[in-house]
Each structure stands twice: as structure tokens, then as C-alpha cells.
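Student: Dropping the structure in here first, questions after.
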Amino acid sequence: MLIPKFITCLKNYTKEQFIKDFISGIIVAIIALPLSIALAIASGVSPEKGLYTAIIGGFIVSFLGGSRVQIGGPTGAFVVIVYGIVHKYGIEGLIFATIMAGIFLIVMGLLRFGSLIKYIPSSITTGFTSGIAIVILSTQVKDFFGLQMKEVPSEFGAKAIAYFHNFDSLNFQSLFIAVLTLVIIILWPRISKKVPGTLIAIIIVTVITMVFKLNITTIGSQFGELSSSLPKFVFPNISFKMINDLMLPALTIAILGSVESLLSAVVADGMIGGSHRSNMELIAQGVANIFSGAFGGIPVTGAIARTAANVRNGGRTPVAGMVHSLGLLVIMLLFMPYVKLVPMASLAAVLVVVAYNMGEWETFKTLLKAPKSDAIVFIVTFILTIFLDLVVAIGVGMVLASFLFMRKMADITEVKFILNDDEDKDANELIENVKMPEHISIYEISGSFFFGAANKFVTAMRDMGVPTRILIVKMSKVPFMDATAYHSFKMLYDFCRKNHTKVIILKIQEQPLSVLKKYGFVQIMGEKNFCNTVDEAIIRANVILSKM
């Protein structure tokens, strides 16, 4: 159903719920403030672009979305891909890629792809999420330790080497501020869970930096004056080369955004006992990305941590998400000049916490217990995300997972000779009631009959030798059949016809029968040779034998 949850929630909306949504929205805005700035800087763009994303994108996600409590904004998942786009194509390339990703998301929603996202294996999502966490950690080493470096390479290996060569320029004052920020963030929940520790930590270390005039890099010294004005509409110059170059990155943003937003919506459903509208959520995410990009923001998606904070603080309708965006807007307009005083080391510490929380570290403990195929896909996706590229990691991960899944399905598909099988009552009944039982053989196919398992069928045909006068193929355990399997089936029929053998198909299921009908195979064999019961097969076999 393509109706925003906001419209649905208005029907029974009360003043009491508005108060709860308003309070929750303000709290989430305070949580989102340092995160939005830190994620923007980590992505290679100026701090205010993170706020533009949370304000514009976050408002649209709540207003049009399919979840009651989803909070939209920049997230750690996009840091790697955004940094790469900015590094290679500049801000204009990022704007265009974000808008393209928004268009892809709208198309995905209109085509009802929301339910298909669940088919992406968890080994891939946990693999690239953990890989992204490591990459985010690697990007914060310079600011965390206050290293005096002009350029930080984008590649992970080159980055590690550069850090090693420049580690003697470590700034102990930056390190002190970073560690203090970490300690406050970790310990603050013991004092209060209502006020976010990240905000308290940044305020404290900023005051310390100003009072003691520490010689460390701040947002202002690195980025200059920050704009507190409203963003302006900007649309990039479009060229076929740019479309071609940014197609894959934009598609990656769309896939990442869809996966993360729907995962967040599922988590939120579990917390409030609700049910989100996945396709409406994708459309909302698409519109949010188009407007975020057009107004100078970065990619936006559902943020699991901020969504959970919204639920815990009483938010139950999209109004909370809209209040969160408007709250950030007021903060930006009034307090942006003070943001330039924030030490870069403190933001690095915030992102270290973000990276730690987003990493699927428990997965590493269970790797030895997990199926080998899942462990392989996880490790490959994880390593490729770190050392190569997120696009490559997801692509290779999906292909590898698909091949391993097909091999599993092929392994469980069997083609066996079941004559005189004590466990098969159908076979025994056929043999007992057919005239001249020595002239009949029975084979059974079990499992999905597709191109990965077709070779087993061909091998069984070769091992058959000269067939008997009647060959019965039992297919009651075949739920699926594809074109390659059909061609193998046709080979069997042609082989039997040359040897004057009649083929009877027993208990075929609906999908395989539909495939055979489309190819005209049912007409070629004759409908009489397709039997739904053992009694039909017995009668048909006796009729054939009486004519031989």
C-alpha cells in the first residue's frame, strides 16, 4: 500500500501523543547534531552538509515514509562510497550520484522491490557493514592522534603506510582530547540516559580546548567559517560521461540505502509492535535523496540508532521525525558559528564509537560454527570492502553467494533408480500390479530440477544403458524446473524414443508441468502419459505393454 504512515497516524492523533513526539524529536535532534557533522567530515564534505541531509532528508523520510518511527539522516554505511565519489568526481559528482540513487529508490518502490531486499544474504550485509566500520576507523587515525599530514590516501593499504611514516608527528593534546571524549561517551549513560553522551562530551572537550588554548585542529581551523544560512538549490551539469561513470556508485548508494532503511524499519517494528510499508519507505527514501542532493546534502537513509532512540523516548508517529529535523534547523540557524570551535579529535572519537557500534564483531566469534559457504561470503565481502571497493565487494559477494547457494541446491537434488525400493510404496505397488514387471523401470527426481542439477540427470541417463520398454519418472518431489532441466528432459525422451521406450511421468507438480506445457512437451508425449496417481500409471503401463 503506497500511503505514507503520516497520513494514517493523523486519524487518531492526540495532544498527549504530540507532546511525547515533540520531546522525543528534540532529544533525537540533539543526538543527531554531532553525528551528522562527524559523518559529513568523514565523508569528505563540509560539516553543514551533514546537517542539510538530516534536516531535508530526515523531514521527507518522516513525512512520506512507510514507518511510524523511522529517523532519516546520514549514516556510517555511506562514508566509504561518498568519500570515494568526492575524491574522484568532486561535490558535483556526489550531488548527481545522490540524485540518481534517489531515482533508483523510487523505481524500486514503484516496482514493489521492498520485499525483495530480504533475499540479500545476511553474510553480505554483515560483511560489508563490518568492513565499512574498519574503513571508518582508518579514516579517523589522523584526527584522533593529531598527525601532521597534508593528504591522507584513499586506499586502505596506502593509508596505513602513510600513518606509519607520519606517526612521529603525534599530537599528545589531540590524543588527550580524543581519549577524554571516548571516556565521557562510554561512562555518561551511568549518569543519564536521557541526555546523549556525545553532546556532553563535545561540549566539555570544546570548553577545555578553549580555556587551556590547546594547540589542536578544530572544525574552524580546518574548514574556515561555516554557513548557518539555509541551503540553496543546486543541480549539477548532466553529461552522458557522468551518468556512465556514476551509474554503479549511485546504484550502490540505492542498494545500501534500501537495505539499511528497511532493516531499521524492521527493528523499529519489533520495538513498537508495528508493521511498516516497505515500498512506500523506498519511495520516501528516494524523494529524500533527490532533495538532499539537490540542496547540497549527502545520501540519506534510515538510521537504526537514532530510530531506536526515538522509540525509547516515546516517539510513536512520524511527527517525532519531523520535529527532529526542524529542531536541527533551529540549532543550525542559531548555533552554527559555535560549531567551528569543536576539536576534530573529539569528532574522530565520536566516529570511533559509531564504527564500533556498527561493526558486526560477534560474527567473527561464530565464523567457525557457521556453514562454510556463509563464512566464505562474509570474509570475502569484508576483505573486499576494506581493500578494494564497496561496489566490488557487494557485487562479488552476491555472485559468490548465488553460486554457493546453487551448489547447495544441486547437492540436495537426487536422481535415483527406485525399483524394488522397500521405502517407496508407489514403486512397490506399480511393480506388483503391472503385467510383465521385468519390462518396467522407475526413476525418481527429488529436489529443484535446474541447470545446476541437470548434469546429475544426464549422468543417470548415461548409466541407464539400454532402457526397458517402459520408463516411469516420478516427480512428486520436484517443486521447480528451469529451461536447462527441460532440455535434459527432452534428451531423455529422444533417447527413449530411439530405443522404442515409452515414458510415463508420475505425480508432476504444477510449476514443472507448466514449463513442459509452454515448450509443447506435454502434447509431444501425450497427456495420457502424465499420471497423477499410481493407479493411473498402472493402467497406462498395462495398456502400453499390451500393445507391444
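Student: Test of the criteria: in segment 74-177, which chymotrypsin sites (Phe, Trp or Tyr not before Pro) are in a DSSP loop and have at most 15 other Cβ atoms within 10 angstrom of their Cβ?
Tutor: Numbers: sites: 78, 83, 89, 96, 104, 113, 119, 128, 144, 145, 156, 163, 164, 167, 172, 176; in loops: none.
Counting only loop positions with at most 15 other Cβ atoms within 10 Å, none of the chymotrypsin sites (Phe, Trp or Tyr not before Pro) in segment 74-177 qualifies.
Student: Next up: Which one, (1) 36.0, 114; (2) 26.7, 93; (3) 30.8, 106, gives Rg and Dmax of the Cα atoms in Å as derived from the coordinates shown?
Tutor: Only one option fits the structure, namely (3).
Student: Once you have the Cα-Cα distance between residue 439 and residue 340, take 0.36 nm times their residue separation minus that, and quote the gain in nm to one decimal. Walk me through the numbers before you get to the answer.
Tutor: Values: separation 99, 0.36 × 99 = 35.64 nm, distance 9.01 nm.
The span from residue 439 to residue 340 would gain 26.6 nm if fully extended.
Student: Checking a compactness column here: for segment 10-53, what do you get for Rg(Cα) / (2.2 N^0.38 Å), N being the number of residues? Please report the intermediate quantities before stating the final value.
Tutor: Working: Rg = 14.8 Å, N = 44, 2.2 N^0.38 = 9.3 Å.
That works out to 1.60 for segment 10-53.
Student: Restrict the search to segment 194-286; then list the chymotrypsin sites (Phe, Trp or Tyr not before Pro) that DSSP places in a loop and that have at most 16 other Cβ atoms within 10 Å of their Cβ.
Tutor: On the way: sites: 212, 223, 233, 240; in loops: 212, 233.
Here the chymotrypsin sites (Phe, Trp or Tyr not before Pro) that fit, given the DSSP loop and packing criteria, are 212, 233.
Student: How many nm separate the modelled label positions at residue 547 and residue 170, each set 7 Å beyond the Cα in the direction of the Cβ?
Tutor: Each label point is offset 7 Å from its Cα along the Cβ direction, giving 9.0 nm.
Student: Between residue 154 and residue 539, take the C-beta separation as r, use R0 = 51 Å, and let me know the FRET efficiency to the nearest 0.05.
Tutor: Working: r = 73 Å, r/R0 = 1.44.
Calculated transfer efficiency: 0.10.
Student: I've got another one for you. Under 22 Å between alpha carbons, and skipping anything fewer than 8 positions from residue 490 in its own chain: which lysines qualify?
Tutor: 416, 456, 474, 477, 498, 502, 507, 517, 518, 528
Student: Could you list 87, 276, 324 in order of exposure, starting from the residue whose Cβ has the fewest other Cβ atoms within 10 Å?
Tutor: Arranged by neighbour count, lowest to highest, 87, 276, 324 become 87, 276, 324.
Student: Return the distance in nm (one decimal) between the two label points of a simple spin-label model at residue 379 and residue 161, each offset 7 Å from Cα along Cα→Cβ.
Tutor: Distance between the two pseudo-spin positions: 2.6 nm.
Student: I need the shape label for segment 120-182. Rule: rounded when a/c is under 1.5, else prolate if a/b > b/c, else oblate, with a, b, c from the alpha carbon gyration tensor. Mind showing how you got there, number by number?
Tutor: Values: a/c = 4.03, a/b = 1.72, b/c = 2.35.
Oblate.
Student: Also: Any chance you could check the Cα centroid distance between segment 205-251 and segment 506-520 for me, in angstrom?
Tutor: A separation of 59 Å, based on Cα centres.
Student: Separate question: Show me, for segment 493-499, the HN-Hα J-couplings you get by feeding each phi into the Karplus relation (A = 6.51, B = -1.76, C = 1.60, θ = phi - 60°), rounded to Hz, glycine and proline as x.
Tutor: Residue by residue, segment 493-499 yields 4, 5, 5, 5, 5, 5, 9 Hz.
Student: Order these by the 10 Å Cβ neighbour count, fewest first: 269, 21.
Tutor: Numbers: 269 15, 21 26.
Result, fewest neighbours first: 269, 21.
Student: Another question about this same structure. Calculate the length of the line joining the C-alpha centroid of segment 362-409 to that of segment 321-351, in whole Å.
Tutor: A separation of 37 Å, based on Cα centres.
Student: With the alpha-carbon atoms as the only input, what is the per residue convex hull volume for segment 478-548 in Å³?
Tutor: On the way: hull volume 5.7 nm³, N = 71.
Measuring per residue, one finds 81 Å³ for the Cα hull of segment 478-548.
Student: For the chain, which span is the longest to avoid every loop-located (per DSSP) member of GluC sites (Glu not before Pro) having at most 15 other Cβ atoms inside 10 Å?
Tutor: Values: sites that count: 151, 155, 225, 423.
Longest gap between qualifying sites, sites excluded: 226-422.
Student: List the lysines whose Cα lies under 22 Å from the Cα of residue 11, skipping any in the same chain that are fewer than 8 positions away.
Tutor: Hits, sequence-local ones excluded: 20.
Student: Give me the percent of DSSP beta bridges within the chain that run antiparallel, rounded to the nearest 5.
Tutor: On the way: 7 of 21 bridges.
If we restrict to bridges inside the chain, about 35 percent are antiparallel.
Student: Near the amide H of residue 504, under 5 Å away, which other amide H atoms are found, from residues 5 or more places off or on another chain, if H is placed in the peptide plane?
Tutor: 471, 472, 473
Student: Mark the label point 7 Å from the Cα of residue 13 along Cα→Cβ and return the residues of segment 57-92 whose backbone N is within less than 11 Å of it.
Tutor: 63
Student: Now for a different question. Rounded to the nearest 0.05, what FRET efficiency do residue 357 and residue 483 give with R0 = 45 Å and r taken as the Cβ-Cβ distance? Could you check?
Tutor: Computed FRET efficiency for residue 357 and residue 483: 0.45.
Student: Something else now. If exposed trypsin sites (Lys or Arg not before Pro) are those in a DSSP loop with at most 14 other Cβ within 10 Å, what is the longest stretch of the chain that has none? Spell out each step's value before the answer.
Tutor: Values: sites that count: 112, 150, 193, 194, 213, 232, 369, 435, 547.
Counting only loop sites that pass the neighbour cut-off, the longest clear stretch is 233-368.
Student: May I ask you to evaluate 6.51 cos²θ - 1.76 cosθ + 1.60, the Karplus curve with θ = phi - 60°, for each residue of segment 281-288 and list the ³J(HN,Hα) values in order in whole Hz, giving x for glycine and proline?
Tutor: Per residue, the Karplus-derived 3J(HN,Hα) values read 5, 5, 5, 4, 4, x, 4, 4 Hz.
Student: Here's a follow-up. Fewest to most neighbouring Cβ within 10 Å: what's the order for 383, 99?
Tutor: Working: 383 15, 99 22.
Ordered by Cβ neighbours within 10 Å, fewest first: 383, 99.
Student: Using θ = phi - 60° and the Karplus form 6.51 cos²θ - 1.76 cosθ + 1.60, what ³J(HN,Hα) does each residue of segment 125-131 get, whole Hz, x for Gly and Pro?
Tutor: Listing the rounded values in order: 5, 5, x, 6, 5, 5, x Hz.
Student: OK, next. Using Cα positions and a limit of under 27 Å, work out the lysines in reach of residue 365, with same-chain residues fewer than 8 apart set aside.
Tutor: Leaving aside lysines fewer than 8 places away in the same chain, those within reach of residue 365 are 118, 408.
Student: Then there's this: Compute the Kirkwood hydrodynamic radius of segment 414-546, taking the inverse of the mean of 1/r over all pairs of distinct Cα atoms, and give it in Å to one decimal. Walk me through the numbers on the way to the answer.
Tutor: Numbers: mean 1/r = 0.0680 Å⁻¹.
14.7 Å is the Kirkwood radius here.
Student: Provide the FRET efficiency to the nearest 0.05 for the residue 365-residue 186 pair, computing r from the beta carbons and using R0 = 25 Å.
Tutor: Numbers: r = 22 Å, r/R0 = 0.86.
Once rounded, the FRET efficiency stands at 0.70.
Bear in mind these aren't lab numbers, they're just calculated from the coordinates by the rules spelled out. Only a predicted model underlies this, so the values are computations on that prediction, with no experimental measurement involved. When we count neighbours, we look across all protein chains shown, and the Cβ atoms used for this are built from the backbone with ideal geometry, even at glycine.
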